[in-house]
Amino acid sequence: MLHTSGSIICVGLCCLDLVSKVDQFPMEDTDSRANISWQLGGNAAHNAIVLAALESKPVYFAGTMPSENSFNGNFIRSIFAKHSIDTSLSQSVQGDACPVSMVIVNTEIGSRTILHDRGDLPEFSFDQLRDRDFASADVGWIHFEGRRNVSEIAAMLSHIRALNQRAAFTSSASVAMRIRTSVELEKCRPELTSLLGNCDVIFLSKEFASFHGAADKVAAVRMFLERVDVGATVICAWGELGCAGAVRSGGGHGSDIISVPAAAPDGPVVDTLGAGDSFVAACLHGLRAGRSLAEALRLAAAVAGAKCARADGFSRVADWAGRAAELS
């Protein structure tokens, strides 16, 4: 088990989502009606929102965002504040520039199609966290969204490992003081594989695993389990086909791979935007709470399923996420 106390930091992207909800996916070169709204987007931002609904400990978001005196910067910070998420570790960049995703949600089947403009906002840098006193801030877990700044993420993971080793050498309470780490590998970028060997939990997306030749969730876990540290956990979600996970044992092999089916939503599927992010966040919550891997996967599947039945994004996340967690 990976039980840990303390606060959790989600490191990665926040962006603006322009969400257009339609009854049917539009045909090219046509004029369609839509219900359009602005929402906070980004994997790490969504992770933080769901975790804040489930956790009793503080949740931090660490990323780059427009300055506080800009329209976009104020909007983003207001959403984080609404969910009681601490953004003090984030990097403020002068101006109003911000990544934007145009999202088409087909409410007939719940699918989401995303067009993303990364813009020129810099990625989060290792320097922003290098000198932080994690012990005094009671940080127990740091989760990274695998992005283009692979070298910065790798440097941060190495830094955390060094801090853990130092704590183990100087304190009899080293187990309690250890900072756990996790990384989500979602995008089809070969360089992300360099992050496999230096953290406690790896989350593989269906797209990332398929890109590397895995035919299903179990094959994906088996393929990447050989490339992580002994004791590390590999987890792969495969959409409506559920998820799988395993822990690498000391003999270089994994324990039996656990396969969990997708959880049925408590209503029609209307919006899958953020379901994968909800899965990752809920799984982290379960592991942090000391649940077994099988229990954490079932919890994550339940929360992700509940998200798919919600047409209001994350505005009432505490209601559906908390209820799904109780029922799982």
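Any residue at all in region 89-96 that is of a type in the set (Val, Ile, Thr) and surrounded by fewer than 18 Cβ atoms within 10 Å (Cβ to Cβ)?
Restricting attention to region 89-96, the residues satisfying the condition of being of a type in the set (Val, Ile, Thr) are 93.
From what is left, the residues that are surrounded by fewer than 18 Cβ atoms within 10 Å (Cβ to Cβ) are 93.
Checked region 89-96: at least one residue is of a type in the set (Val, Ile, Thr) and surrounded by fewer than 18 Cβ atoms within 10 Å (Cβ to Cβ).
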Identify the single condition in (1) in contact with a Gly (Cβ under 8 Å, 6 or more places away or on another chain); (2) farther than 30 Å from residue 132 by Cα that residue 234 does not satisfy, given that it satisfies every other one. (2)
Which of the numbered conditions does residue 218 fail, given that it passes all the others? Conditions: (1) touching a Ser or Thr at 6+ places or on another chain (Cβ under 9 Å); (2) of a type in the set (A, V, I, L, M); (3) buried (at least 21 other Cβ atoms within 10 Å of the Cβ). (3)
Please determine whether any residue of region 263-275 is in a helix (DSSP H, G or I) and either open to solvent by 50 Å² or more (accessible area, probe 1.4 Å) or touching a residue at least 24 places away in the same chain (Cβ under 8 Å) (or both). yes
Give me the residue from region 302-316 that is open to solvent by less than 10 Å² (accessible area, probe 1.4 Å) and within 15 Å of the chain's Cα centre (by Cα) and, out of that set, nearest to residue 257 (Cα to Cα). 303
Which numbered condition in (1) assigned to a helix (DSSP H, G or I); (2) open to solvent by less than 40 Å² (accessible area, probe 1.4 Å) is the only one that residue 326 fails? (2)
With respect to the numbered conditions (1) modelled with pLDDT of 95 or more; (2) farther than 15 Å from residue 47 by Cα; (3) basic (Lys, Arg), which one is the sole condition not fulfilled by residue 323? (1)
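Could you please find all residues in region 202-231 being touching a residue at least 40 places away in the same chain (Cβ under 8 Å) and either aromatic (Phe, Trp, Tyr) or touching a Gly at 6+ places or on another chain (Cβ under 9 Å) (or both)? Outline the logic, then answer.
Going residue by residue through region 202-231, those that are touching a residue at least 40 places away in the same chain (Cβ under 8 Å) are 203, 205, 217-218.
Matches in region 202-231: 203, 205, 217.
The values are calculated or read from the model by the stated rules, or taken from the named source; none is laboratory data. The shown structure was predicted, so the numbers you read here are calculated from the model rather than taken from an experiment. A quick note on method: Cβ atoms are made from the backbone with ideal geometry, for glycine too, and the neighbour counts reach across all protein chains shown. We work out accessible area using only protein heavy atoms, side chains counted, and drop any ligands, DNA or RNA first. Shrake-Rupley method; radii C 1.70, N 1.55, O 1.52, S 1.80 Å.
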